[in-house]
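> One structure, as structure tokens, below. Some questions next.
The values are calculated or read from the model by the stated rules, or taken from the named source; none is laboratory data. Treat the numbers as computed from the prediction; the structure is a model and nothing was measured. Cβ sites come from the backbone with ideal geometry, for glycine too, and all protein chains shown count toward neighbours.
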Amino acid sequence: MNSKKRFIPIAVLLAVGLLVPQVLKTEFYLQSAIYVLLYMYWASSWNILGGYTGLFALGNGLYIGIGAYVAAVLFVHFGVSPWIGMIIAGLVAGLISMLIGYPVFKLKGIYYALASIALMSVFELIFNNETSIFGIYTGGPNGLRFTMTGNALDMQFSGKEGYYFLVLALLIIVLLCSDRIQHSKMGYYFRGIRANQDAAASLGVNVLRYKLTAHFISAFFTAIGGAVYVTTFLYVNAKTVFGMELSFAMMLFCVLGGANTLWGPVIGALIMVPIQQGLRIAAGSNMAAMSSLIYGVALCLVMLFIPDGILGTLKDLTVRRRKRATDPLQVADGAANGGGGADD
Amino acid sequence: MKKLLALMLALVMVLSLAACGKGDGDTTEASGDTVKIGVLLPLSGSTASPGGYQLEGIQLAVDYINDNGGIASMGGAKLELVTSDTTGDVETGMTEIERLITVEKVSALIGPYNSTVGAATSPIAIQYGVPYIITNAVADNIMQNGANKYVYRVNYGASDMTPFRGMVVDYLGNLTEAGKFEKIAIIYDAGDWGTSENESFKEVAKEIGAEVVVSEAINTDSSDLSSVVNKIKSSGADVVFAGIFLNDAILFTQQMKEYNCDVQIVGSGAGYADSKWLEALGNTAENVMGTSDFNPSFGLTNDDAAALYETYLEEHDNETMPLETSNGWCGMATLAMAIEAAGSADREDIADAMYNLELDGDSLPLWFSMFEGVKFNTEGDELGRYNQNELLGDTAGQILKQVQNGEWQLVWPLENATAEIIFGK
Amino acid sequence: MQLFLQALLDGILLGGIYATLGLGLSIAYGIMHIINWAAGQTMVIGLYVSYLLITKYGMDPYVTILFTFTLLGALGFVLQKTMINRIIDRSGDRAGANVLLFTAGYGYVVTSVLEMIFGTLSVTATTRYTGQSIAIGFLYAPLPKLISCVIAIVATVLIYIFMHKSELGRAIRATSQDRNTAQLMGINAKLMYCIGFALSFALLGLTASLLVPYYPITPYIGISFSFKALIIVVIGGEGNVKGAFAGGMFIALTEKILGSLVSDTFAQIMVFCLFIVVLLVRPEGLMGKRVKS
């Protein structure tokens, strides 16, 4: 694919993204837009691990939590601005992900998913019940509140636009990264691991190294998202940041839109998040139940009819059309993108 | 293909977000003759029961005011409630308060019952400059946002309860063989409120020289408390104080009976003060004690209040008004007085009126509460709390009840007791 | 000492229930090598069904077993036949992940529908067994927990006999060990899957009836049960009656003993940590057979 052309969609996204705050003036709607972008960002971060590399980490919310608490503690106790704090948070999360990745790298499929959730739950239990970790006050069940300084240097903007543009920027960055990965050798190895880990190993791919890399990148971005998330709320709470809801949502949106594609996570979030936000206004107290219902039904339908997600299935159809093309590399690439074990 | 997709993506995104943006009118805070009040309460989830009670109190107050001429200084303007369900969850609460402020454009806010939600939402009200009456939500940190004129609390805070606690514990302690409590156990809900309960009881224990042998946090809506019951049983505690919500209160009482643990239970508001608790337990509840506030046997402020209370009792099968309802009423009544004083639906005017508000004696409105009046501590108190109501009275309206023969009886303060306490020797 | 022994007793009483819960999941996994992510939510359906029968018709909670067993069994059969079999067919070796996600979606649907019907308030059934306990020396065993545990253990034994001695049971196990060979021997693999899944749901229904006399019900408890069931199955050894029993007992004892000695939260954390250790060191579980990859 022509290297310049493929950046057009991202540019379009950027343009549209910049226009949105002109249309949505009310803070509440702008906040909803921020959520949409944030979930797109998180789903894309998850995609690197779960989509490209096929490591179904259902507990990646762990890194949202780590990112959140690291940034929070650095700001509240040490006065480190979240601008710096979020980078540190990302690095810490990345490191932890590699520490975790090492022993679990042998685990496959469901075992890996379960281990990842178990870890996240352990963190949730600890952070929710202990008010101090290693002597630093983290708030326990009450959560930790940020000191309000209103200073943009502390990532506290007056009005929502600041946060909006920050998250938009992060989304663009992660998409550019994902795109880079997809078209690089690393991405090629990721796909190999996704398709068949053992086969890749026997072909000489250093599976451990690439799994750890995938872990690191995914965790790094996810954690930064966590840091920004709690900074917009000025509040961090273990049940939320280490909770199943966020963790599951990341995965759900990615799968819905099409894991292992660049735009799948974006589309998944784009469809589902406004629904949830809209229900909040429309359904009142039934909102939680209705949005869960819609998530559940959507997931069931996708698994029944389009298990590769929206984009994944669309890609499948176009690949089958292009099957007649003579370029063997393209066909192989398309087959790998359409999911392992396909009968192409 | 990619280009088309990208274009579609862009269109969908703008359209869907713009669709949300519809109804983004620029109406002012009061349209004609109504004053919009935003209500934040848990109407579903683990604290839905007390949330419902609190909403009822607020609604009753609004109905009463509207039926009696509305806001006179605004030519009889009516109060209008805009409710939103926080589900007891912090992030939902934060999103909802923003929606109420920026989309519904309410003139003032009232709520949110849950301490954690209160702590998270009070800075937001200050940020947007919207007057916010905190109802229940007793954690002290809610009022520790520094000097401001937007966040107020009419009912007691956690620390205001401690002196009362001291009195109750002293009184009960005197009834034991040893003349005071040697060992006490505390179980509390693992959240802001529960944690402050725990701190409060620990402090009381220190004052009377008792040892805290069990201090255990309970996850809301636990399914099995047998481990805690077991611990309490082996700890040799003389009494267990329980700051937990309805479902856990039911479960805990049941399991104490099942495991034959006869340590006296003294519930602290919340779950134990809920009439559903007694309904669920029947006989098992016998002799359990609980603290609460607002009991009409103390006497209501005037004849109108008494008459209204009679109607309330008729409609509620003679169930005493729960503390959440009375706190809701008081919060709303206070807010209404401020709006009356301000004579406008403007947020700043109402905030200023609240800041200078003083209600006691004759100027007290129809009032279902034991609080003596309203005056907010705008200079801050020793705990760094701002705008906490100082006219709470000695016992902050607290009472101690006990289940006897399947019914709640007031056993303390003694001068208002309806029955004698069954405890100790 | 009393603390420890009481905790031990509580652990055993709970272990029986965990065993049937784990069995419910284990059979499905053992047969089809797919995970039902919503075992807990399914059980909650059973809880509400049982609760309704008790409160509306005054049925004895243990009689409701007949209903929950059959109803959920039918539900499982239908689900497998109409949807899950289809997903397995179409997914090749991604079947595991896809079915897992499907059941996760189904779990959400169940939870939200239950919430819309029954609301969010917790309910507990009051039966003639409520509040009573049997004294064993200085220890106490709440009556409903005791009866439930006994029934659970009996059920486990019956299932074991069924799976190992009956014709149908052997057919199901054959299908799980080698689908193709089993089919060559005339076994309808798809039907076996349906029966197996039906059985697993039926067992979840049984577990529900056993819990209903004393367990507080809300639409949300399913999630923690689902995860617990998974932990039981993995630690015990999947696909294995003995494994589910061992896993159930082990987890229950850990929870209760650590809960009483330290705290419930600590016990929970330990269970998760143990789970992770088992996953890393001995993924086939305590009773499972080591599988060469």
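> Test B:Y272 against the criterion of being in a helix (DSSP H, G or I), more than 14 Å from chain C (Cβ to nearest Cβ) and over 29 Å from B:T34 (Cβ atoms), and give yes or no.
Criteria met by B:Y272.
> When region B:236-251 is examined, which residues are found to be part of a strand (DSSP E or B) and either β-branched (V, I, T) or at pLDDT below 90 (or both)?
Within region B:236-251, B:V239, B:V240 qualify.
> Right, another one. Would you list the helices (runs of 4 or more DSSP H) that sit entirely within region A:1-88 and hold 2 or more residues that are among the charged types (D, E, K, R) and closer than 25 Å to A:L114 by Cα?
Once the helices (runs of 4 or more DSSP H) in region A:1-88 are filtered for at least 2 residues that are among the charged types (D, E, K, R) and closer than 25 Å to A:L114 by Cα, nothing remains.
> Next question. Return the only residue of C:T42, C:T64 being under 25 Å from C:A189 (Cα atoms), polar (S, T, N, Q) and touching a residue at least 12 places away in the same chain (Cβ under 8 Å).
Unique residue meeting the criteria: C:T42.
> Can you confirm whether region C:110-118 contains a residue that is more than 9 Å from every other protein chain (Cβ to nearest Cβ), under 17 Å from C:N36 (Cα atoms), surrounded by fewer than 20 Cβ atoms within 10 Å (Cβ to Cβ) and in contact (Cβ under 8 Å) with a residue 60 or more places away in the chain?
no
> Taking region B:65-108 only, how many residues are among the polar types (S, T, N, Q) and surrounded by fewer than 23 Cβ atoms within 10 Å (Cβ to Cβ)?
Selection size over region B:65-108: 7.
> Continuing with the same structure: Would you check if there is a residue in region B:263-277 being in contact (Cβ under 8 Å) with a residue 40 or more places away in the chain and hydroxyl-bearing (S, T, Y)?
There is at least one residue in region B:263-277 that is in contact (Cβ under 8 Å) with a residue 40 or more places away in the chain and hydroxyl-bearing (S, T, Y).
> Which is free of Cβ contacts under 8 Å to residues at least 40 places away in the same chain and touching a strand residue (DSSP E or B) at 6+ places or on another chain (Cβ under 6 Å), of B:E315, B:E358, B:E415?
Numbers: B:E315 fails: touching a strand residue (DSSP E or B) at 6+ places or on another chain (Cβ under 6 Å); B:E415 fails: touching a strand residue (DSSP E or B) at 6+ places or on another chain (Cβ under 6 Å).
Going through B:E315, B:E358, B:E415 in turn, just one is free of Cβ contacts under 8 Å to residues at least 40 places away in the same chain and touching a strand residue (DSSP E or B) at 6+ places or on another chain (Cβ under 6 Å): B:E358.
> When the residues of region C:136-148 are filtered to those that are under 14 Å from B:Q255 (Cα atoms) and over 25 Å from the mean Cα position of the chain (by Cα), which remaining residue is nearest to the other protein chains (Cβ to nearest Cβ)?
Filtering region C:136-148 for residues that are under 14 Å from B:Q255 (Cα atoms) and over 25 Å from the mean Cα position of the chain (by Cα), the one nearest to the other protein chains (Cβ to nearest Cβ) comes out as C:Y140.
> Condition first: crowded, with 17+ Cβ neighbours inside 10 Å, without any contact (Cβ under 8 Å) to a residue 24 or more places away in the chain and in a loop (DSSP other than H, G, I, E, B). Now tell me which residues in region A:89-109 satisfy that.
Scanning region A:89-109 gives a single hit, A:L107.
> Give region B:334-374 a look and list any residue that's in a loop (DSSP other than H, G, I, E, B) and more than 21 Å from the chain's Cα centre (by Cα), or say none.
Scanning region B:334-374 gives B:G343, B:S344, B:A345, B:D346, B:N356, B:L357.
> Further, regarding this structure: What's the number of the condition A:R209 fails, among (1) part of a helix (DSSP H, G or I); (2) touching a helix residue (DSSP H, G or I) at 6+ places or on another chain (Cβ under 8 Å)?
The single condition A:R209 does not satisfy is (2).
> Taking A:A169, is it crowded, with 17+ Cβ neighbours inside 10 Å and in a helix (DSSP H, G or I)?
Against the criterion (crowded, with 17+ Cβ neighbours inside 10 Å and in a helix (DSSP H, G or I)), A:A169 does not qualify.
> Okay, moving on. Quick one: how many residues across region B:275-295 are acidic (D, E) and assigned to a helix (DSSP H, G or I)? Working first, answer last.
In the first step, residues of region B:275-295 are kept if they are acidic (D, E); the result is B:279, B:286, B:293.
The next check asks that each one be assigned to a helix (DSSP H, G or I); those that pass are B:279.
Qualifying residue count, region B:275-295: 1.
> Just checking, how many residues over region A:139-163 are surrounded by 20 or more Cβ atoms within 10 Å (Cβ to Cβ) and in a helix (DSSP H, G or I)?
Filtering region A:139-163 down to residues surrounded by 20 or more Cβ atoms within 10 Å (Cβ to Cβ) leaves A:139-146, A:155-156, A:160, A:163.
Narrowing further to those that are in a helix (DSSP H, G or I): A:140-142, A:163.
Going through region A:139-163 one residue at a time, the tally reaches 4.
> A follow-up question, please. Is it the case that some residue within region C:189-204 is within 14 Å of chain B (Cβ to nearest Cβ) and among the aliphatic types (A, V, I, L, M)?
No: zero hits.
> Inspect region C:179-196 for any residue being farther than 25 Å from A:S121 by Cβ, among the charged types (D, E, K, R), in a helix (DSSP H, G or I) and touching a residue at least 12 places away in the same chain (Cβ under 8 Å) and give the result as yes or no.
So far as region C:179-196 goes, yes, one or more of its residues are farther than 25 Å from A:S121 by Cβ, among the charged types (D, E, K, R), in a helix (DSSP H, G or I) and touching a residue at least 12 places away in the same chain (Cβ under 8 Å).
> I would also like to ask the following. What's the total number of residues in region B:84-125 that are part of a strand (DSSP E or B) and either within 10 Å of chain A (Cβ to nearest Cβ) or among the small types (G, A, S) (or both)? If you could, list the steps in order and put the result at the bottom.
Step one: list which residues in region B:84-125 are part of a strand (DSSP E or B), which gives B:84-85, B:108-113.
Then keep just the ones that are either within 10 Å of chain A (Cβ to nearest Cβ) or among the small types (G, A, S) (or both); that gives B:84-85, B:108, B:111.
Number satisfying all stated conditions: 4.
> I need the full set of residues from region B:201-238 which are surrounded by 24 or more Cβ atoms within 10 Å (Cβ to Cβ), among the β-branched types (V, I, T) and either free of Cβ contacts under 8 Å to residues at least 24 places away in the same chain or more than 12 Å from chain C (Cβ to nearest Cβ) (or both), in order please.
B:V204
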